[in-house]
Amino acid sequence: MLTYEEAALPAPLAAQIAALEAQAWPGATPGHDPALAPRAMVLLDGAGAVAASLALLFKEIRHAGRSHRAAGLSAVVTRDDARGRGYGGALVAAARAALAADPAVDLVLFSCDRPLVRFYEAAGFVALPGAVLVGGTPEEPLATDAPGFDKQVMADLRGCGASAFAGTRIALYPGPVDRLW
């Protein structure tokens, strides 16, 4: 596993990640809002090519009257011909471990498509029943319960208490670039 501040990502790796993301999400712009202190995590195959990648994003949020230093996963992708080999699962598990070891992170929140819930649970994340992440900006919000979305909020709350988050709307507001992480 390799981890880079996104701005310091070597150009050959950045190009491979951008190609993987374009394949997974056609029309999306690569990269993340620098205000979210993005870090790229990369897993290389035996030939040194990017097999899987993801981004870690960071932001302070307020929820239920408390401030939390939140992190999230974004742009989790595995190369098509590398799927089914455990690369994505290994990378997500490594991301969870890295975030758990980071004293600047209180909790991890992100959303995923419902068919991927078991994938993230296998890495140690838990589903937050009834929770909704509200992204975008306060002026232009994008919520995980918006029409056409079938998202589940996943978390690693580290003692923050699932009861404070389950069944609630969580104001993430990461901005107009990373509308939801």
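The values are calculated or read from the model by the stated rules, or taken from the named source; none is laboratory data. Quantities reported herein were computed from a predicted structural model and do not represent experimental measurements. Every residue, glycine as well, gets a Cβ built from its backbone with ideal geometry; the counts of neighbours run over all protein chains shown. Heads up: the accessible areas ignore ligands, DNA and RNA and are worked out on the full protein's heavy atoms, side chains in. Shrake-Rupley method; radii C 1.70, N 1.55, O 1.52, S 1.80 Å.
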Using a simple charge model, +1 on the beta-carbon of Lys and Arg, -1 on the beta-carbon of Asp and Glu, nothing else, what dipole does the range 18-91 show about its Cα centre, in debye to the nearest 20?
380 debye
Against the longest principal axis of the chain, how steep is helix 11-24, in degrees 0 to 90 to the nearest 10, with axes from Cα atoms?
60 degrees
For the chain, just the Cα set please: Rg and Dmax, both in angstrom.
15.6, 49
Relative contact order of the chain: what whole-number percent is it, with Cα pairs under 8 angstrom and at least 6 residues apart?
19 percent
The range 127-181: trypsin sites (Lys or Arg not before Pro) in DSSP coil with no more than 15 other Cβ atoms inside 10 Å:
158
Carbon/sulfur fraction of accessible area - the chain, other protein chains in place, 1.4 Å, %:
56 percent
Per the helix-only calculation at 222 nm, which mean residue ellipticity applies to the chain, given -39500 (n - 2.57) for every DSSP H run of n ≥ 4 and division by its residues, nearest 500 deg cm²/dmol?
-5500 deg cm²/dmol
Label-to-label distance, nm, for residues given as residue 23 and residue 101 (7 Å Cα→Cβ offset):
2.9 nm
Specify which residue in the list 124, 148, 173 is farthest towards the positive end of the charge dipole of the range 103-181, using unit charges on the beta carbon of Lys, Arg (+1) and Asp, Glu (-1), about the Cα centre.
124
If one takes the longest principal axis of the Cα atoms in the chain, at what angle in degrees, from 0 to 90 and to the nearest 10, does the Cα axis of helix 87-100 lie?
50 degrees
In square angstrom, rounded to the nearest 10, how much accessible surface does residue 119 have for a 1.4 Å probe?
70 Å²
Charge tally for neighbours of residue 154 with beta carbon under 13 Å away, counting Lys, Arg as +1 and Asp, Glu as -1, is +1
Here, residue 164 and residue 66, labelled 7 Å along Cα→Cβ, have an inter-label distance in nm of 0.2 nm
Please report the accessible area of residue 29 (heavy atoms, 1.4 Å probe, ligands and nucleic acids excluded) in Å², nearest 10.
120 Å²
Neighbourhood charge, 14 Å Cβ-Cβ cut-off, centred on residue 20 and excluding it, Lys, Arg +1 and Asp, Glu -1
-2
At a probe size of 1.4 Å, how large is the accessible area of residue 32, to the nearest 10 Å²?
30 Å²
